[in-house]
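The values are calculated or read from the model by the stated rules, or taken from the named source; none is laboratory data. Worth saying up front: this structure is predicted, and the values here are computed from it rather than measured. Don't worry about glycine lacking a Cβ; one is built from the backbone with ideal geometry, like all the others, and counts go over all protein chains shown. Accessible surface areas use protein heavy atoms only, side chains included; no ligands, DNA or RNA. Shrake-Rupley method; radii C 1.70, N 1.55, O 1.52, S 1.80 Å.
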Amino acid sequence: MVSLWENWRRGVGMSRRGPRFDTVGGPSTYAMELTKRHSELSLTKQGADTGSLQVNLSWRMRSSDLEGVGRRTGSSLRHPLRAFKPTVVQAHTQGVVNVDLDLACMYELVDGSKGVVQPLGNFTGDWNAPPYVKLTGDDRFGSPSGETLYVNLDHKDEIRRLLFFVYIYDGTPAFDRTHAVVTLIPSNGPHVEVGLDERAPQARSCAVMLMENVKGELRVRREVRYVYGFQAELDRLYGWGLQWGRAYKTQKV
């Protein structure tokens, strides 16, 4: 068991060097937040470059965008206990949110093969074979679980770079209102979060994070670069060189 004295000494040592990253949550939900100031992280140095890496997109509307918030605040004088009741955010109701965010990944392997893993076109990838990236599910309503990509880091030596990006498939371009967060969840080490809450009017896509294999070291860099087009524009921005065509999602019953 770690003593309080040891914890205090560690805290002093970290404060002298200065924190490298902003942190979110308590000990059980410890996460590093990549920001403009601290935008890079080595998964290898964190001991998080093997096993399964989850990349999760979660999103919802901000509570301030809900209808009736003003009325509820005004009624707090008549019903003071309501002020202590949390606001219910129901991102799956059409009256609250009119946007469909998708999580996707462009990949480039060491052998030169390139492609994309995304809901559009049913390019869901593969876990045990190239590209070693697998998409599970397509969240169209902003549910708490969101969408998740799985990266098989046991094959990291075959991966050159991965670009994780988010695009608005349908609905109003409003990244700053969806309160979207992309989280890396390695099999070992803290979570790594990147928020997409900057104002980018009319932007429909955003390059979120770039993971690169640099001489055997896996590095992750915050990008958060918004574009007004879709995958083809992100492709040109990062020089991927893929051929893109129009695609649509199948209707769910």
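A search for C-beta distances below 8 Å between a residue of the range 166-191 that is part of a strand (DSSP E or B) and of a type in the set (Phe, Trp, Tyr) and any residue that is modelled with pLDDT under 80 and open to solvent by less than 20 Å² (accessible area, probe 1.4 Å), counting only pairs 6+ apart in sequence or on different chains, returns TYR169/ASP100. For the range 97-133, give me each residue that is in contact (Cβ under 8 Å) with a residue 24 or more places away in the chain, of a type in the set (D, E, K, R) and open to solvent by 30 Å² or more (accessible area, probe 1.4 Å). Selection gives ASP111, LYS114. Among the candidates ALA174, ALA200, ALA207, which residue alone is open to solvent by less than 20 Å² (accessible area, probe 1.4 Å), closer than 16 Å to ASP102 by Cβ, small (Gly, Ala, Ser) and at pLDDT below 90? Matching residue, one of ALA174, ALA200, ALA207: ALA174.
Taken together, the residues in the range 17-47 that are at pLDDT 90 or above and more than 15 Å from ARG221 (Cα to Cα) amount to 1. Out of the residues in the range 228-242 that are in a loop (DSSP other than H, G, I, E, B) and at pLDDT 90 or above, state the one that is surrounded by the fewest Cβ atoms within 10 Å (Cβ to Cβ). Once the filter is applied, the top-ranked residue is GLY239. Would you mention how many residues in the range 201-227 are assigned to a loop (DSSP other than H, G, I, E, B) and free of Cβ contacts under 8 Å to residues at least 40 places away in the same chain? Here the count works out to 5.
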